[in-house]
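Since every read-out is calculated from the coordinates, none of them should be taken as a lab result. This structure is a prediction, so every number in the text was calculated from the model and none was measured. Counting neighbours? That spans all protein chains shown, and the Cβs are built from the backbone with ideal geometry, glycine included.
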Amino acid sequence: MVLFSLGGRLALCASMVRPQAALADVGTDHAYLPVWLAKRGAISRAVAVDIRPGPLERARRNIERYGVGDIVTARLSDGLDAVLPEEADDIVVAGMGGLLMADIVHRTAWLRDEKKRLILQPMTHGEDLRRRLLGDGFFVLREQAVLDERHVYTVMLCAYGLRERGADELFPYVGGLSPDTRENRMYLRRELGCLRNRANGLRLRGETGRAEELFRVGERIRAMLRDGSGKG
C-alpha cells in the first residue's frame, strides 16, 4: 500500500520528532502523523489521543489499515490526561488554538522534564501560547514557519527550563523565528500587520502607553525583515 503524504504543517512537526522517540500525538484525528512516522520506522512507539470518539475511530481504522498496530495505539483522552510519563518522549500538539494548547501543557506536570520535547503548532493565539510557555518554564529550542494550503503557520520545538532570552519583549510575537526563510518572513509580516492594527486601535481608545509598546515591537520586527539581523 502506497503511504500517503503529509501536508506542510504535519510534515514540519514530523521533522522535529527525534529518531526512535516514543511519541504522543494529541488531537490526533486520523492519526496521520503517528502512522506516517511508524511506517517510515522513525519512532519506537506512539499513542494517538483524541478527546472525541469519532476522530479516534478514524484513527483506529488508519492504524489497522496501514498495519502499525504493534507501534501505534489509539486512546480516548482529554489532552494528555490519559497518557503516562513513560509513554512519551516527544509530544506533538497540532491544529489547536494556542490557549487550549497552553492549558494542556500547564496541567500536565510530567512535561516539566528537560528530557521531554514539545512540538506545538497553534492555529491561533501564538503570542499567548509563547507567554504561557515562558511562565511555565518552557523555552523554544527551534521555531519555523510553514505554508500549508495558502496559510502560514508556525511550529515550535520546546523544552522545559527557563532561559533569559525568553524575557525579551519581542519573544511573544516572534518566538524563535528569524527572517531566513520565505515562510518565516511571511509569518513575521503578518505579525507586523496585526501589531500595527492593534496599536492603532489602542491609540484611538486613548491607551497610548500600550500602543507605543506595540509600535516599538513592530519596529523591531520591521528591522528584522529589513536587514535579516535576527532579533534586532
remark   = With x for Gly and Pro, the residue-by-residue ³J(HN,Hα) of the range 174-191, computed from phi through the Karplus equation 6.51 cos²θ - 1.76 cosθ + 1.60 at θ = phi - 60° and given in whole Hz, is 10, x, x, 6, 10, x, 9, 9, 4, 5, 4, 5, 4, 5, 5, 5, 4, 4
task = Enumerate the residues in the range 167-197 having an amide nitrogen under 16 Å from the point lying 7 Å beyond the Cα of R222 toward its Cβ.
result = 188-197
note = Counted neighbours (other Cβ, 10 Å), sorted fewest up, put F138, F215, F4, F171 in the order F4, F215, F171, F138
key: Share, in percent, of DSSP beta bridges within the chain that are antiparallel, nearest 5   = 35
ask   = In sequence order, what are the phi-derived ³J(HN,Hα) couplings for the range 93-102 according to the Karplus relation 6.51 cos²θ - 1.76 cosθ + 1.60 with θ = phi - 60°, rounded to whole Hz, with x for glycine and proline?
value = 10, 10, x, 10, x, x, 5, 5, 4, 4
note = Per the charge dipole of the chain (beta-carbon charges, Lys/Arg positive, Asp/Glu negative, Cα centre), the residue among A109, A59, V140 reaching farthest to the positive end is V140
request  = Could you line up S44, S5 from fewest to most neighbouring Cβ atoms inside 10 Å?
outcome  = S5, S44
task = Give me the net charge of R189's neighbourhood, meaning all other residues with Cβ under 13 Å from the Cβ of R189; Lys, Arg count +1, Asp, Glu -1.
result = +4
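With +1 assigned to the C-beta of every Lys and Arg and -1 to the C-beta of every Asp and Glu, and no other charges, what is the dipole magnitude of the range 1-83 about the Cα centre in debye, to the nearest 20?
Working: 11 positive and 8 negative charges, 56 e Å.
Charge dipole, the range 1-83, about its Cα centre: 260 debye, nearest 20.
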request  = Could you list the residues of the range 115-142 with an amide nitrogen less than 16 Å from a label point located 7 Å from the Cα of R205 in the Cα-to-C-beta direction?
outcome  = none
remark   = Around V35 (Cβ within 12 Å, Cβ-to-Cβ, excluding V35; K/R +1, D/E -1) the net charge comes to +3
query = Peptides 192-200, 32-40: what's the order by average Cβ count within 10 Å, highest mean first?
reply = 32-40, 192-200
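Mean separation of Cα pairs under 8 Å and 6+ residues apart, divided by the residue count of the chain: what relative contact order is that in percent?
15 percent.
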ask   = Given L100, M186, A48, which one lies farthest toward the positive end of the charge dipole of the chain, if we put +1 on the Cβ of every Lys and Arg and -1 on the Cβ of every Asp and Glu?
value = M186
inquiry  = Given an 8 Å cut-off on Cα distances and at least 6 residues of separation, report the relative contact order of the range 8-64 as a percent.
reply    = 38
